[in-house]
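Engineer: This structure is in structure tokens; I'll ask about it shortly.
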Amino acid sequence: MTGGPSIIRKPGADRSNLELTNSLRSNFLAAQQDYSPPQATTPKSMTNGDFKETSGEDQLSSRPQVSIWTTRDGSDYYIPTIDWSLSGLAEEPSQYEITVKLFYLPGTAVNDRAQYTKDAVELVLKELGVSSIDLLIVSFPGMSFEGDCEWEADKKNSEQGNDKEEVATWPALEELYKQGIVKKLGLAEFGSEKLNRFLTKVQVRPQVDQINVKDCCNVPPPLVQLAKKENIELLTHNDCTDILPSGTLRELLGQGVRGAGVLSESKRGLHGMKGDIKPNWVAKYTAVVKDRGVVENKGYFAVAELKE
Amino acid sequence: MGLLALGTPLDWPEAKQNANQVREWGIQQLLAIWNRAKGKERDALLWGDEVEYLVVTYSESEPIVKLSLRQADILTALAEDQELAKNGGCVPALQDIAVNKGTPLPVFHPEFGRFMLEATPGKPWGIGLKDLLDVEPNMKWRRKIIKEHMHADEFPITLTTYPRLGCPGEFTIPYYPPSGEKLRSQFVPDEIANPHIRFPTLAANIRARRGRKVQVNVPIFKDENTPWPWKDPTVNYDLHNWPEDDDVRNGASPDNFIHMDAMAFGMGSCCLQITFQAKNVTEGRRMYDQLSPLAPILLALTAATPIYKGFLADTDVRWNQISRAVDDRTAEELGEKPLEHDRWRIPKSRYASNSTYISEDPRLRKEYLDPDLVIDQDIKQKLMNGGMDDRLATHFAHLFIRDPIVVFNEDLQELDLTKTDHFENLQSTNWQHLRFKPPPADSDIGWRVEFRPMEIQITDFENAAFSVFIVLITRAILSFDLNFYIPIAKVTENMETAHNRDAVLDQKFYFRKNPFPVRVPRPYSSNGAQSGTNTPAMSRPPTPSGPIEDEYMLMSIDEIMNGSSDESGNEFPGLIPLVESYLDSVNVDVMTRCELATYLDLIRKRANGTLWTAAKWIRHYVAGHADYKKDSVVNDQINHDLIGEVLKIGNGDLKGVRDVEKMLGGLQGCK
């Protein structure tokens with residue numbers, strides 16, 4: 001699944017995955033409109049890319065066939081179809097700072113993460129038409145920076161996640177680093193204790209730790225000290241760790257009014273797929289023109305597994 | 001101010017006779033720039049801020065504060081400082097500036113008012129987000145350096161206007177009597193202006209062209225004990241030194257308005273201006289258009305001008321006063337007499353809000369433009385013949401309806417196409433709320449846009465906050481392809497609205513409901529462009545349809561800045577959340593983000609009323625002063641104490657300053 005840039009940010013909507021879900025939903029809708037035969041769509045009812053509210057029945061009857069706007073390539077479905085001819089950046093790759101953040105979603109096997117990492121980076125390289133990226137940040141499941149005060153958040157953090165699995169995942173990233181495909185590696189949501197433990201167990205050290213603190217003026221002092229000592233850059237973000245729960249994904253792809261109609265929920269599904277869907281990973285990528293600070297390209301890839 | 005060329009300036013009737021030649025040569029120079037630089041590409045974002053200061057003499061024991069006219073002496077002291085000179089120097093008007101390694105010294109410039117100084121960073125800022133944190137310390141450094149080259153009782157302050165400029169009695173040091181030959185003002189002496197020949201000539205020729213003195217009338221704030229109708233008690237109806245002294249006898253000073261009569265009342269104001277370099281001419285034109293609708297909002301948000309000539313005004317900002325202070329339109333151009341000698345009626349002063357958009361953006365609908373825009377058709381045709389497109393030619397043909405005001409005899413001998421002096425002569429005396437600046441001659445500088453509406457703030461923390469906000473919103477505009485277009489006439493209306501007392505909270509402004517881009521269909525799909533095009537990038541968004549009135553609505557500044565509330569049923573995202581989305585999309589380190597959050601917090605709270613504008617704080621300060629008699633009069637004692645508090649605030653010493661927390665909150669900027 002792919003999603004283009006989305007900038008919907010409701011004031012006060014903290015750490016929301018709204019950006020991802022909006023991005024996916026609007027990309028699905030856009031593809032449905034673009035690839036449908038013109039008479040089947042009603043572009044006049046559009047206002048700035050959004051469908052006007054219509055009843056569920058109308059929506060169902062006007063929804064184009066899934067096969068028109070998605071692609072099946074062997075056992076892989078692309079939702080929507082990716083037109084690679086539209087990919088690429090406007091200027092020389094050296095003009096950009098390209099960052100990819102890869103979310104390993106909960107409930108996926110550690111053994112699969114090497115493949116996920118390779119797939120995610122490959123898709124982004126293809127999408128942007130580049131041969132390397134500047135920074136790859138990985139987000140492990142079950143991690144957060146929560147607590148009433150940031151000290152407490154740092155403490156709680158040390159018990160979260162799974163050190164062993166995280167360390168076991170890292171060689172896949174180190175490999176990309178050694179190949180020169182990724183220039184810098186980064187972690188997300190590592191508090192001081194976890195980070196300290198992690199550093200002793202890896203060959204290629206992370207150069208970035210991306211954290212989400214409620215009040216960024218209150219970064220836990222132990223983390224600040226450690227980062228300074230180990231020369232690790234502390235960056236901010238506003239993503240949630242569980243960025244694509246399976247319920248959300250099912251709704252996005254399902255037959256509901258706001259769904260894409262890809263996934264069957266009942267016998268009514270005509271061309272839809274059936275079965276359990278399990279999201280595996282999400283990759284968020286941004287390409288920023290370095291000396292102008294302009295985000296030229298931003299989007300998401302999400303991959304899920306369908307058990308028929 | 002522009003270039004300070006030396007020469008023999010022509011008096012008005014003679015300057016007027018040469019106006020056509022200056023315009024003609026200006027157009028040729030513009031075309032030379034255009035053809036040289038229209039393809040200039042991939043310039044980095046560089047930007048600069050300009051902070052302007054008033055210089056006052058203040059001591060706690062001395063009851064009367066005065067404006068110091070020692071601008072030239074202070075600049076000389078800065079230029080002659082051996083230590084500063086060793087580090088490269090900092091007064092380009094008086095010395096060559098060397099580019100040394102390390103952080104270059106700030107740069108100091110003269111300004112129109114002889115009581116003013118301007119300071120800019122020694123080199124432009126970049127977009128490294130960490131660079132943004134250098135702005136505030138740099139501004140503080142500028143203030144410190146200036147102070148070190150003043151007398152002990154002289155201070156730089158960042159108030160927009162001096163509250164008692166033009167009051168009867170002595171308000172300058174040294175003292176000069178008013179009613180001089182150049183300004184012919186009842187209230188201020190000729191010596192109030194920078195003595196460089198350009199400035200008195202500018203003032204004199206504006207007056208001469210206009211046929212009378214400028215009229216800067218500001219409505220008086222009506223307090224409980226303000227006499228009504230209010231007649232400006234400082235106006236002298238019995239003065240007979242100059243023919244222009246008849247102006248007040250002919251109704252120049254209407255009831256209920258504070259009356260001012262000289263350029264210094266406007267051009268003696270301090271502003272906060274930001275200039276950006278665009279990647280190319282296309283991006284520059286787009287930035288110009290997109291920033292245009294933001295200008296009235298930022299004007300109201302930065303409101304800091306509630307006092308003129310010793311009286312509380314009923315408006316909060318400086319803009320229209322400057323506009324009137326340089327309004328050189330004749331009675332015919334103003335529509336007071338039938339057109340006989342002049343070529344057209346002109347609806348706005350040469351200092352005014354923008355009157356047109358300049359981008360070739362397909363989102364710019366022709367309905368947004370002013371169908372009655374006054375342009376010089378002949379000049380437009382010349383520009384188009386020379387290769388400029390219709391829209392940009394229209395913009396310059398509008399600027400060139402004006403006469404050049406200051407013409408130096410020496411410059412009329414020969415046209416030099418490698419220079420831009422004649423073009424700049426008109427360009428730099430068209431003071432619109434944005435200025436589109438072509439690359440200068442002999443330099444690698446690119447196309448630039450200057451954002452001019454903001455009022456200077458009392459502290460460098462605030463000045464840095466607003467500067468940084470403007471930089472960030474431009475990045476969000478470019479990154480997210482935002483669209484703020486509304487009809488240009490509505491922008492003009494908003495600029496007027498922004499003048500109202502406490503407009504930031506009490507007024508609503510026209511703003512575009514949905515700033516997000518309309519999706520471009522995939523070019524090879526059923527609904528995309530199917531004309532066999534092989535350049536997908538060329539595909540245009542679908543032509544917008546529907547009445548333009550549906551695209552915008554009246555919004556409060558809170559809604560524009562912070563986003564629509566859930567209850568409102570509107571969906572405007574808010575400029576600050578858009579900036580935050582931008583920051584979420586780029587890699588920012590936590591400390592930088594924290595500092596930037598403080599800046600955004602200040603602006604957020606100004607917009608939602610949690611914090612007061614400087615205008616509101618000053619009003620409250622005056623109202624709460626023991627000497628204030630609720631009669632709109634700001635006397636010497638109130639002025640003295642107000643300036644004393646402003647000095648303390650400007651130095652970061654907030655202790656004991658009444659209500660200062662209501663203006664600044666507990667907010668602290670970069671150290």
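Just so you know, all these numbers are worked out from the coordinates, no wet-lab data involved. Treat the numbers as computed from the prediction; the structure is a model and nothing was measured. Cβ placement follows ideal geometry from the backbone for every residue including glycine, while neighbour counts extend to all protein chains displayed.
Engineer: Evaluate the distance, in nm, between pseudo-label points positioned 7 Å from the Cα of A:Leu199 and of B:Tyr175 along their respective Cα→Cβ axes.
Structural biologist: 7.0
Engineer: Still on this model: Please state the shape class of the range B:169-220: rounded when a/c is under 1.5, otherwise prolate if a/b exceeds b/c and oblate if not, all from the C-alpha gyration tensor.
Structural biologist: Details: a/c = 2.04, a/b = 1.11, b/c = 1.83.
It is oblate, given that a/c is not under 1.5 and a/b is not larger than b/c.
Engineer: Of B:Lys66/B:Lys662; A:Lys228/A:Lys298; B:Lys231/B:Lys309; A:Lys274/A:Lys298; B:Lys38/B:Lys380, which sit over 21 Å apart, Cα to Cα?
Structural biologist: Values: B:Lys66/B:Lys662 28 Å; A:Lys228/A:Lys298 30 Å; B:Lys231/B:Lys309 14 Å; A:Lys274/A:Lys298 31 Å; B:Lys38/B:Lys380 17 Å.
Table pairs above 21 Å Cα-Cα are B:Lys66/B:Lys662; A:Lys228/A:Lys298; A:Lys274/A:Lys298.
Engineer: At a 10 Å Cβ-Cβ cut-off, how would you order B:Lys366, B:Lys38, fewest neighbours first? If you can, show how the numbers build up before the last one.
Structural biologist: Working: B:Lys366 7, B:Lys38 17.
In increasing order of surrounding Cβ atoms, one gets B:Lys366, B:Lys38.
Engineer: Rank these for me by crowding, B:Ser323, B:Ser585, going from fewest to most other beta carbons within 10 Å.
Structural biologist: Arranged by neighbour count, lowest to highest, B:Ser323, B:Ser585 become B:Ser323, B:Ser585.
Engineer: Classify the range B:33-122 as rounded, prolate or oblate, taking a ≥ b ≥ c as the square roots of the eigenvalues of its Cα gyration tensor: rounded when a/c is under 1.5, otherwise prolate if a/b is larger than b/c and oblate if not.
Structural biologist: Here the range B:33-122 falls in the prolate category.
Engineer: Nothing charged except the Cβ atoms of Lys and Arg (+1) and of Asp and Glu (-1): what's the magnitude of the dipole of the protein assembly as shown about its Cα centre? Round to the nearest 20 debye.
Structural biologist: Here the size comes out at about 1640 debye.
Engineer: Among B:Phe461, A:Ser26, B:Leu129, which residue has its Cα positioned farthest towards the positive end of the charge dipole of the protein assembly as shown, with +1 placed on the Cβ of Lys and Arg, -1 on the Cβ of Asp and Glu, and the dipole taken about the Cα centre?
Structural biologist: My answer, from the dipole projection, is A:Ser26.
Engineer: State log₁₀ I(q)/I(0) for the protein assembly as shown at q = 0.09 Å⁻¹ as given by the Debye formula over alpha-carbon point scatterers of equal weight, solvent excluded.
Structural biologist: Debye intensities relative to I(0), on a log10 scale: -1.04.
Engineer: Averaged over its residues, how many other protein chain Cβ atoms are within 10 Å of peptide A:280-293's Cβ atoms? The partial results should precede the final answer.
Structural biologist: On the way: counts 0, 0, 0, 0, 1, 0, 5, 0, 6, 8, 5, 9, 15, 17.
Shielding by partners across A:280-293 averages 5.
Engineer: Counting other beta carbons within 10 Å of each residue's own, what order do B:Tyr485, B:Tyr162, B:Tyr175, B:Tyr552 fall into, fewest first?
Structural biologist: Placing the least packed residue first, the sequence is B:Tyr175, B:Tyr552, B:Tyr485, B:Tyr162.
Engineer: Shielding by partners for B:592-599, please: the mean number of other protein chain Cβ atoms within 10 Å of each residue's Cβ.
Structural biologist: On the way: counts 3, 8, 7, 2, 2, 4, 1, 0.
The mean count of partner-chain Cβ atoms within 10 Å per residue comes to 3.
Engineer: In whole Hz, what ³J(HN,Hα) sequence does the range B:224-232 give by Karplus (6.51, -1.76, 1.60; θ = phi - 60°), x for Gly and Pro?
Structural biologist: Residue by residue, the range B:224-232 yields 3, 9, 6, x, 9, x, 9, 10, 3 Hz.
Engineer: Would you mind classifying chain B by shape? Square roots of the alpha carbon gyration tensor eigenvalues, ordered a ≥ b ≥ c; an a/c under 1.5 is rounded, otherwise it is prolate if a/b is larger than b/c and oblate if not.
Structural biologist: Verdict is rounded for chain B.
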